[in-house]
1. How many of the residues making up the range 74-106 are part of a helix (DSSP H, G or I), surrounded by 16 or more Cβ atoms within 10 Å (Cβ to Cβ) and either in contact with a strand residue (DSSP E or B) (Cβ under 8 Å, 6 or more places away or on another chain) or charged (D, E, K, R) (or both)?
2. What are the residue pairs meeting all of these: first residue in the range 2-28, first residue assigned to a helix (DSSP H, G or I), second residue modelled with pLDDT under 65, Cβ atoms under 8 Å, and 6 or more apart or on different chains?
3. What are the residues in the range 50-63 that are loosely packed, with under 15 Cβ neighbours inside 10 Å and either part of a loop (DSSP other than H, G, I, E, B) or in contact with a Lys or Arg (Cβ under 9 Å, 6 or more places away or on another chain) (or both), if any?
4. Can you give me the number of residues within the range 32-49 that are buried (at least 17 other Cβ atoms within 10 Å of the Cβ) and closer than 22 Å to Ile16 by Cα?
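The values are calculated or read from the model by the stated rules, or taken from the named source; none is laboratory data. Every value quoted in this text rests on a predicted model; they were computed, and no experiment measured them. As a convention, Cβ positions derive from the backbone with ideal geometry for all residues, glycine included, and neighbour counts pool all protein chains shown.
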Amino acid sequence: MTRDIYATKFQGARDIEVISAITSKEADEVLKKENVDLIVLDIILPAEDGLSYLARLNKAGSHIPIIMLSNLEGKEYRQKAKELGAAEYFLKTDYTPSELLELIQKFLI
């Protein structure tokens, strides 16, 4: 599974702890219990899609940076994500997991 590849790569990086959630409901539970510095969010999720979840987090006043990471490459997805408050929008197909890790680490400084 792609999510596992990224989680393994990111977890191996210095000073990064990865907490994975498959659904927005699971993510809500993580956010209640953990101090999260960054969210990496896909658009395609079971039940609630990532853009809806992004909008909901921002409406709730979340100040956690959110990076969208998806295979959906239409300009409309990138534009909508940015309008909803995403810090960045990366296409999975444009980067290796190592390259994505490097880009994501810039948001943790």
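1. The total comes to 7.
2. none
3. Kept after step one, since they are loosely packed, with under 15 Cβ neighbours inside 10 Å, are these residues of the range 50-63: 52, 56, 59-61, 63.
Selection gives Ala60, Gly61, His63.
4. Looking only at the range 32-49, we keep the residues that are buried (at least 17 other Cβ atoms within 10 Å of the Cβ), and these are 39-43, 45.
Filter once more, so that each one left must be closer than 22 Å to Ile16 by Cα: 39-42.
Residues meeting the conditions: 4.
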